[in-house]
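First the structure, in the form of structure tokens, and then the observations on it.
Rule-based calculations on the coordinates, nothing more; no lab input. Predicted model only: the values in this text are computed from it and were never measured. Virtual Cβ from ideal backbone geometry, glycine too; neighbours counted across all protein chains shown.
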Ligand code: GLN
């Protein structure tokens, strides 16, 4: 039987009708994982697959299967599973074994899915290419000379290479959506606070959110509905939208045209226009909107994010936990541990963050950035008085070549279209656009990004499902 490219629904059907057993399904993926080892996607296959398979199959056999029972999933290396290794792509946590389950893992776990293993990522989720992983770059299954994107590059590559039915990732400034667009799959960044961060290794605590990378919008919706919800273990989580408008009909889609200026690849613009035409064909009204403050998103993000990074990274000092390199004294321990076990990008952001928070400068940088962040939030609120959803490209370019972006700033600039949704806390989805152009990068996928108001994920699913058909 052909088991390739299974969605959750299709896999569910095959498992429930006994056309395939959980073990056969898992073996199918394990074989493919072996075949694609040189793409460097999985960091580890979990050692307890046999037990997981047995438990899931029992649940199916006794007629108690639910949405995800027996469905193989890949997990980003910064999400904790009790008793399993989790290293956030860093040497400082090499060999670290989690002592508790992340809330998303407990929620998925109720269904008895198969947690296949953990997948590669930029160190502590800082980056957009997985080139910052301490465990080597992940290659893009569409073109192995190119990056899979990041920081959830392992998650997106796992789904694109069909090594799992879906994967979990995290998104602080684009880390689910951008790799999804680079690999030609779907990626959802939920509303900030709609999914618990308990058990996610923190990067930027006011921006981080866990979400699914899937083969289509329907799967993203299924997973989101399972992992979302208020959690007493994360005080920033919020209640679900229970208003009547939760499922309201999307009619108008806004395009902040003046934001689509320089530095965008031809193919991205071309595919974006094609997507807009398709949306129009499906009956949506496309209107231009003005969002002048979006222009400041990147600058604001690259002040607030490193500030939060520098605070969150303070715990990795070689004393509390994580690995350690001994120095001559305590300061020596800190220098050696943090200097040698953290990568260059992580250290760069700690320094940047420490600087923008330092006495005498924090008003000028950090506080100011928060003021502009509030303006950006207001600009979204205002836009949603006029339109139901906002459309943008996910990334200004398709997947770039490994090693192509050498200076950090050029890498930061690639986050231009994704960071504003994190700053505003609103949900956004990247839907694959298959390139049809005869241009240079014709075969590389790009992504259409749809952004909805807070807690209105339903609108993204509505539009996504409509244009995927
Ligand atoms: N590429 C962005 C950065 O490096 C986003 C990272 C993320 O979302 N984790 O900050």
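Values computed for the structure shown
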{"item": "In nm, spacing of pseudo-spin labels at residue 355 and residue 1 (7 Å Cα→C-beta vector)", "result": "5.8"}
{"item": "Length added when fully stretched, residue 111-residue 249, from 0.36 nm per residue minus Cα-Cα", "result": "46.6 nm"}
{"item": "For the range 177-332, radius of gyration divided by Kirkwood radius, i.e. Rg to Rh on alpha-carbons", "result": "1.05"}
{"item": "Inter-probe distance in nm under a simple model that places probes 7 Å from Cα toward Cβ, at residue 61 and residue 406", "result": "6.0"}
{"item": "Order by protection proxy (mean Cβ within 10 Å, highest first), peptides 335-343, 303-311, 162-170, 363-371", "result": "162-170, 303-311, 335-343, 363-371"}
{"item": "Contour minus Cα-Cα distance for residue 91 and residue 270 (0.36 nm per residue)", "result": "60.3 nm"}
{"item": "Distance between the range 309-358 and the range 177-200 - C-alpha centres, whole angstrom", "result": "27"}
{"item": "Three-way shape label, the range 1-119, alpha-carbon gyration tensor, a/c 1.5", "result": "oblate"}
{"item": "Normalised contact order of the range 37-148, rounded percent, pairs of Cα under 8 Å and 6 or more residues apart", "result": "31"}
{"item": "Largest-first principal axis extents, alpha carbons of the range 87-187, Å", "result": "37, 30, 23"}
{"item": "Length-normalised contact order of the range 256-345 in % [C-alpha pairs under 8 Å, at least 6 apart]", "result": "20"}
{"item": "Computed over the range 362-405, the ratio Rg/Rh where both radii use C-alpha atoms and Rh is Kirkwood", "result": "1.20"}
{"item": "The range 298-446 - percent relative contact order, Cα under 8 Å, separation 6 or more", "result": "24"}
{"item": "Calculated [θ] (222 nm, deg cm²/dmol) that DSSP helices of n ≥ 4 give over the chain, each run adding -39,500 (n - 2.57)", "result": "-11000 deg cm²/dmol"}
{"item": "Percentage, to the nearest whole number, of Cα pairs in the chain over 41 Å apart", "result": "13"}
{"item": "Hypothetical label at residue 465: residues of the range 1-17 whose amide nitrogen lies under 16 Å (7 Å Cα-Cβ projection)", "result": "7-10"}
{"item": "Label-point gap, in nm, between residue 374 and residue 239 - each point 7 angstrom along Cα→Cβ", "result": "2.6"}
{"item": "Reciprocal mean inverse distance between Cα atoms of the range 229-278 - Kirkwood radius, Å", "result": "15.0"}
